1. Out of curiosity, is LEU107 within 19 Å of ALA29 (Cβ to Cβ), modelled with pLDDT of 90 or more and surrounded by fewer than 18 Cβ atoms within 10 Å (Cβ to Cβ)?
2. Applying the selection to the stretch 147-166, what residues are assigned to a strand (DSSP E or B) and among the aliphatic types (A, V, I, L, M)?
3. Looking only at the stretch 128-146, count how many residues are in a loop (DSSP other than H, G, I, E, B) and modelled with pLDDT of 90 or more.
4. Considering the stretch 90-104 alone, what residues qualify as being in a loop (DSSP other than H, G, I, E, B) and loosely packed, with under 11 Cβ neighbours inside 10 Å?
5. Is it fair to say ARG54 is part of a strand (DSSP E or B), of a type outside the set (A, V, I, L, M, F, W, C), modelled with pLDDT of 75 or more and under 20 Å from the mean Cα position of the chain (by Cα)?
6. Sort out which residues of the stretch 31-49 are acidic (Asp, Glu) and surrounded by 15 or more Cβ atoms within 10 Å (Cβ to Cβ), and write them in order of number.
Amino acid sequence: MRASIIIITLLVLISGCSERSFHQNASSAMSPTIKPNERFLADMSAFRKSDPHRWDVVVFHPPPNETMTRPQEIWVMRIIGLPGESLEIRTDGVYIDGKREAQPDRLADIHYDASIPHSPFPVVACPYKIAADTYFLVGDNTTDSFDSRFWGALPKQSILGRVRDK
């Protein structure tokens, strides 16, 4: 009886611990939202029963790339495009299916750029058609972010959780 109570208590504690602390490395890709070397929390169960939304900041496993990522590395970026949409980043904002998407007030000072000047990487063609079960992610500091503009949309199964309060 006592052993089963201990096991049940442990299961409740483990299943209830859905938040995880992360440390942003020296990257400024998410500045000013998440500054280099800042700590933040992510809800690792956020997408078990619902899909990610536009403007969510998420933690994820980046697509494999021999020169840029290591196995099991975790990155943080913002979702701006959802499955099935046609996305275009213009000088005056993000366009979804040909219509300008209003950014939330909390993002009023963030400007998303279509490309990075002098980048050695190719930029995806715009408008970009987002495939089913994939999401288009960018850093809030788009002039210093290696993101979906370069490697395309990210599969949903690579998204691990939603960052809190960002």
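The values are calculated or read from the model by the stated rules, or taken from the named source; none is laboratory data. Please read all numbers here as calculations on a predicted model, not as lab measurements. Using ideal geometry, Cβ is built from the backbone for each residue, glycine included, and neighbour counts are taken over all protein chains shown.
1. yes
2. Listed by number, the residues that qualify are LEU154, ILE159, LEU160, VAL163.
3. Number satisfying all stated conditions: 7.
4. Of everything in the stretch 90-104, those that are in a loop (DSSP other than H, G, I, E, B) and loosely packed, with under 11 Cβ neighbours inside 10 Å turn out to be THR91, ASP92, GLY98, ALA102, PRO104.
5. Considered against the rule, which asks whether it is part of a strand (DSSP E or B), of a type outside the set (A, V, I, L, M, F, W, C), modelled with pLDDT of 75 or more and under 20 Å from the mean Cα position of the chain (by Cα), ARG54 comes out as no.
6. ASP43, the sole residue that qualifies.
Residue-wise test of (1) polar (S, T, N, Q); (2) more than 18 Å from SER145 (Cα to Cα); (3) touching a Phe, Trp or Tyr at 6+ places or on another chain (Cβ under 9 Å); (4) at pLDDT below 95.
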| position | (1), (2), (3), (4) |
| --- | --- |
| SER4 | yes, yes, no, yes |
| SER21 | yes, yes, yes, yes |
| HIS61 | no, no, yes, yes |
| GLN72 | yes, yes, no, yes |
| VAL94 | no, no, yes, yes |
| LYS99 | no, yes, no, no |
| SER119 | yes, no, yes, yes |
